[in-house]
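A short write-up of the structure that comes next.
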Amino acid sequence: MPSPPPVTEPQGPIPPAAARPVGARWAYAFLIDIAVFLAVFAVIFGVYSIGRSWFGPVHVEAEISQDPRSLPLYALYSLVRILVAYAISLVFALAYGYAAAKSKRAELVLIPLLDILQSIPVLSFLPGVMLAMVALFPSRQLGVELGSIILIFTGQVWNIAFSFYSSLKTIPRDLREAAIIYRFSRWQRFAELDLPFSTIGLVWNSMMSVAGGWFFLMACEMFVLGDKDFRLPGLGSYLQTAASNGNTRAMLWGLATMVAVIVLMDQLIWRPVIAWADKFKFEQVESAATAQNVILSFIRRESLIIRAYRRLLHPMVEWLTLTFARGAKRAARTLTAVQSEKQRAWTGWFFAGVLLVVLGYGVYRAGRELALVSGHEYLLLFESAGLTFLRVNLALIIGALWTIPVGVAIGFSPRLARFMQPLAQLAASIPATALFPVLLLVLIRLRGGVEIAATALMLLGTQWYILFNVIAGAMAIPTDLKEAATVFRFSSADRWRRLILPGIFPYLVTGLVTASGGAWNASIVAEYFHFQGKIVEAPGLGSTISRASDAGLFDVLLASTLIMATVVVLINRLLWRRLYRLASTRYKLET
Amino acid sequence: MYWHGQPVEGETPNVSIVFQSFALFPWLTVIENVEAPLEARGIGEVERHKRALRIIDAVGLDGFESAYPKELSGGMKQRVGVARALVVEPEVLFMDEPFSALDVLTAETLRGELLELWLETKIPTRAIFVVTHNIEEAVVLADRIIVLGRNPAHIHAEFNVELPYPRDHKEARFVELVDLIYRALTQKDHPETAPADLQGMHAAAQRRYPMLPHTRPGGMAGLLEILVDQSGRADLHVLADELSLEVDALLPTMDTAAMLGLLKLEEGDAIITPEGEAFAKGDIQERKAIFRKAVLANVPVLRQMEQALKAKANRTLPAEFFQDLLDEHFSEAEAQRQLETAIQWGRYAEIFDFDAASGKLTLTDT
């Protein structure tokens, strides 16, 4: 998924606060503890069955059951994969963003690299990752599992890293100065300034990343690599198998399970997390509407979680703070500034040298690989890039055409927003890839149905970015401007031309950038699909990548990946960045 | 810079700052904010808590320990800022316009509380530096007042205040001192107080392009109208009161008017000139005409801009052209601001039009 530039995300409506009956406090705490206990038992069972599957011998071609009764366990497998991938993503993204924001030299390389990495679709990483992991753990299922997790990771990590980086870059000056004046250690600065300031962006981007994980789940759990057919038991492979076999009943069961898991996660994890993140809002005055959440208020009572925090996490944080503070003091006394500077420069050069050598070798090998592709094949590749380009932009235009009027209508009417926003959020959270087989059932019979289906999948996967940004943009148009338009009796056309379109422009650009990147990435699943025993394919760069990955044609895979990354980065540089600049200068609403 | 007779380099002097914008961490509660500097010094939890509670009590925030900053009013927020600065028991405390973001009454209260902490030696701090644009505030609080000049920064004047605490705003000696400081502020800088090596260059720039105060021409009208009401002559601090402006807002406007010959400054008084009176009484078009004449007579850079534009066949030049000229005499950032101000004035005087999108200046037809 591409990185969304930080923008005020639309928030869902506020669930009513849990009214706490007087005197029932302990009864509640007791209930929560029982629930936590049950959950712990479920977790232990889950860990046990996952351990049995991961550390067992390799089942490269595991039989994927189509029995709905195996769905709960499959859902658990997939969920754990996504969450483990997300945890790795978060750690990696924090390190990446931190390095990019704190070191000018690293920033020079890391930020353009981020641009390129996030334009590479997950399947392009597949052969390398899979072969490496299987080689690392030849006799255990763990290798295949890790491979799948890393694939999911490559789809989740970049936007989180970018969000953290840009948050760090926008920390207000007075807070930075306060941290320096009061001699915060690196750790204290990270824990009390950097991380809290970035929390809201991290939460929204985490939600997007996990949604991206679901979107590409089918591609990450079941794939062909040369002569090997990899299948991991999970929700994605269940759906994929159902689609290949044309088993409609199983398709619907799988879809229903996925929707249920996503909705549950939304209610049990994301909603409480968003409500909790509210305290990190950077505001000096309390806003009128503060997010409340039933589950969060449950947790905040004297429950096990709070007690566990006090017992375990708090002493750890305290220990880190004090250790780093003392360390910083000692360092200030013993090392003069010049010495440490010199030392750091030396290690920097050393690592840069090693990196250069490795990179040089990599470029040389890649060049040789690319030379294997014939000129005719390159011509075909460019042609398919053109086709995907048309498809992506068609999806964007259709997306913009319906989302702009609908988004503006929702944004202008608080009444409409109250019941439409949660609906839209629910719709957006269903991964389009899971819906896709059902859609194909209908479209496959039409002429040009494959073309329509490919564009439809891109549209389904990315229109929400545009919609939510337009809603946020419409909400941000000041009331006095709207009133002025009414007072001066703007015609409907004038209203759109002079007020609404310029007003939502920055948000629209943000939405379109995200949607464009997403659509390019989605092309690998939209243009190539195993369905009813055959392969449904629309000619394009995405299908070329998928086919090359399936057949183990590394040279074609490399060439097509390179072309896709180049095209996406070029579009970003030539089009989106310019529109962005326009949006942030001319169309910025300032007071 | 020296600290206890030793160069500051390598040392970490025990100092603290109170910020104009409070600079509190919004995700930390009051007590967590106050404890943060102690954490940085590696002080354990129990001791930290004790010291934080003591200082929170001293600044009168008892009962708000677990509140978040956004729940507090401006005055309370700054109390947290003060508590956070004092909790490390600094030897020297710096306060950067600590009360300027607060309303008048709250600021007055906080000043009183600060004095109380200081006079009753409830805190171990040995000196407090306060930066302020409020002259009365300086006279209420300080033992010693230093007036700074700029370009390059230098000490412009110095006063010792020997009035007993608490000081009364209405007392004759108080009023006299305020007046004296205003007078010092409006006096031309004494170049001999500037470091010798900078003098030459500075003086040359002054001759060629006197520094423009960064004001909008429209602001002068209000000032001149009040002067007319005061029958043409008024004390600066009376004007500041009437306009409810602090010196950092009042003086640039005053300087602009003086530069253009619309008023004269004499011994802390502003005296209106005939042109100034005409400006105050004129309508918009008359004011613009007076302004144009005054600007072309007194502001070399605008005169030069007009001539350069006239010399071009298409009467158009990019603004950067003038930026380059100014760059030789000012720092880069200052040259930018000087140009912005000159463009602002030139547009008001209808000497030229400016197209922000293309960055081009075009001579106005007359």
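Coordinate-derived values only; no laboratory data. In this text, all values refer to a predicted model and were calculated from it rather than measured experimentally. Cβ: placed from backbone, ideal geometry, glycine included. Neighbour counts: every protein chain shown.
Some observations on this one:
- The value of relative contact order for region B:1-153, using C-alpha pairs under 8 Å at least six residues apart, is 27 percent.
- Exposure proxy for B:THR106, A:THR170, B:THR132: other Cβ atoms within 10 Å of each Cβ, ordered fewest to most, give A:THR170, B:THR106, B:THR132.
- Neighbour-count ranking [beta-carbon atoms within 10 angstrom, fewest first] of B:THR341, A:THR248: A:THR248, B:THR341
- Per-residue Cβ neighbour rank within 10 angstrom, fewest leading, A:PHE531, A:PHE162: A:PHE531, A:PHE162
- Rounded to whole numbers, the Karplus 3J(HN,Hα) couplings from phi for region A:524-534 are 5, 9, 6, 9, 8, 8, 7, 9, 6, x, 10 Hz, using 6.51 cos²θ - 1.76 cosθ + 1.60 with θ = phi - 60°, and x at Gly and Pro.
- Taking amide hydrogens as placed 1.01 Å from N in the peptide plane, the amide H of B:ILE17 sits under 5 Å from those of B:PHE94, each at least 5 positions away in sequence or on another chain.
- Within the straight-line cut-off of under 22 Å between alpha carbons, the lysines reachable from B:LYS50 are B:LYS77, B:LYS122, sequence neighbours fewer than 8 places apart in one chain being disregarded.
- Rg/Rg_ref, region B:86-126, where Rg_ref = 2.2 N^0.38 Å and atoms are Cα: 1.23
- Our helix-only sum for chain B, with -39,500 (n - 2.57) per DSSP H run of n ≥ 4 divided by its residues, gives a mean residue ellipticity at 222 nm of -15500 deg cm²/dmol.
- Using only Cα coordinates, the Kirkwood hydrodynamic radius of chain B works out to 23.8 Å.
- Equivalent ellipsoid semi-axes - Cα gyration tensor, region B:301-366, angstrom: 19, 12, 11
- q = 0.11, 0.12, 0.15 Å⁻¹: log10 I(q)/I(0) that the Debye formula gives for region A:356-473, counting C-alpha atoms only: -0.59, -0.66, -0.83
- Shape box of region A:160-209 [Cα atoms, principal axes, largest first, Å]: 37, 18, 13
- Mean shadow area of region B:32-133, taken as a quarter of the surface of its Cα convex hull (nm²): 6.5
- For the peptide B:30-42, the mean number of other protein chain Cβ atoms found within 10 angstrom of a residue's Cβ is 5.
- Each Lys or Arg adds one and each Asp or Glu subtracts one; over the other residues with Cβ under 13 Å from the Cβ of A:GLU318, this totals -2.
- DSSP bridge pairs, the protein assembly as shown: antiparallel proportion in percent, nearest 5: 75
- Placing one equal scatterer on every Cα of the protein assembly as shown and applying the Debye formula, the log10 ratio I(q)/I(0) at q = 0.05, 0.07, 0.10, 0.11 Å⁻¹ is -0.42, -0.80, -1.35, -1.47.
- Note on region A:66-139: Cα Rg divided by 2.2 N^0.38 Å, N the number of residues, gives 1.53.
- Listed by chain and number, the lysines whose alpha-carbon sits under 30 Å from that of A:LYS228, ignoring those within fewer than 8 places in the same chain, are A:LYS534.
- Against the rule of thumb 2.2 N^0.38 Å, how large the Cα Rg of region A:138-250 comes out: 1.57
- Kirkwood-based Rg to Rh ratio, region B:91-167, C-alpha trace: 0.97
- When +1 charges are put on Lys and Arg Cβ atoms and -1 charges on Asp and Glu Cβ atoms, the dipole computed for region B:301-366 relative to its Cα centre reaches about 280 debye.
- Counted by Cβ distance under 13 Å from A:ALA484, the other residues give a net charge of +1, where Lys and Arg count +1 and Asp and Glu count -1.
- Whichever lysines have a C-alpha closer than 16 Å to that of B:LYS70, once near sequence neighbours (fewer than 8 apart) are set aside: A:LYS279, A:LYS281
- Relative contact order (percent, whole number), region A:368-470, Cα cutoff 8 Å, 6+ residue spacing: 42
- Values of log10 I(q)/I(0), in the order q = 0.24 Å⁻¹, for region A:427-526 under a Debye, Cα-only, solvent-free model: -1.13
- For region A:516-585, the Kirkwood hydrodynamic radius from C-alpha pairs, put into Stokes-Einstein at 10 °C and a viscosity of 1.306 mPa s, yields a diffusion coefficient of 118 µm² per second.
- Rounded to the nearest 20 debye, dipole of region A:452-591 from Cβ charges on Lys, Arg, Asp, Glu: 580
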